[in-house]
1. Quick check on region 61-81: of everything there that is under 14 Å from Ser23 (Cβ atoms) and among the β-branched types (Val, Ile, Thr), which residue is most open to solvent (accessible area, probe 1.4 Å)?
2. Are there any pairs with C-beta distances below 6 angstrom linking a residue in region 49-75 that is touching a residue at least 12 places away in the same chain (Cβ under 8 Å) and over 19 Å from Val25 (Cβ atoms) to a residue that is among the polar types (S, T, N, Q) and exposed (fewer than 12 other Cβ atoms within 10 Å of the Cβ), with the two at least 6 apart or on different chains, and if so which?
3. For region 1-60, enumerate the residues that are aromatic (Phe, Trp, Tyr) and either within 17 Å of Asn73 (Cα to Cα) or surrounded by 12 or more Cβ atoms within 10 Å (Cβ to Cβ) (or both).
Amino acid sequence: ALTIFPNPSTSASTISFSLPEHSYVSLKLFDDLGIERAAIFDGELDAGQHEIPFADTKLPNGIYEAVLSTPTNRAVGRLVIER
């Protein structure tokens, strides 16, 4: 599961998640039309808890989905941007 805080965000947020094992991770942000708006992280991470900071100052107000993908799992979290 993804935890995003603060949410709603005004300028930056942190995406928190746990991995059961060392994995390749892709973390992307999509708008309400399903268009990729940001590639937040792309690489390998060790097992355990992770927090990835994300500055969303270049994105317009709206509702976005953060999608975390690994070779064996997919998790989605909702991020609201309000300025």
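1. As a first pass, look at region 61-81 and keep what is under 14 Å from Ser23 (Cβ atoms): 68-75.
With the extra rule that they be among the β-branched types (Val, Ile, Thr), the set shrinks to 70, 72.
On the way: Thr70: 26, Thr72: 114 Å².
Looking at residues that are under 14 Å from Ser23 (Cβ atoms) and among the β-branched types (Val, Ile, Thr), I get Thr72.
2. Listed by first residue and then by second, the contacts come to Thr57/Ser11.
3. Taking region 1-60 first, the residues aromatic (Phe, Trp, Tyr) are 5, 17, 24, 30, 41, 54.
Once the filter is applied, which keeps residues that are aromatic (Phe, Trp, Tyr) and either within 17 Å of Asn73 (Cα to Cα) or surrounded by 12 or more Cβ atoms within 10 Å (Cβ to Cβ) (or both), region 1-60 yields Phe17, Tyr24, Phe30, Phe41, Phe54.
The values are calculated or read from the model by the stated rules, or taken from the named source; none is laboratory data. Because the structure is predicted, anything quoted here is derived from the model rather than measured. Here Cβ is always computed from backbone atoms with ideal geometry, including for glycine, and neighbour counts include all displayed protein chains. Only protein heavy atoms, including side chains, enter the accessible area calculation; ligands, DNA and RNA are left aside. Shrake-Rupley method; radii C 1.70, N 1.55, O 1.52, S 1.80 Å.
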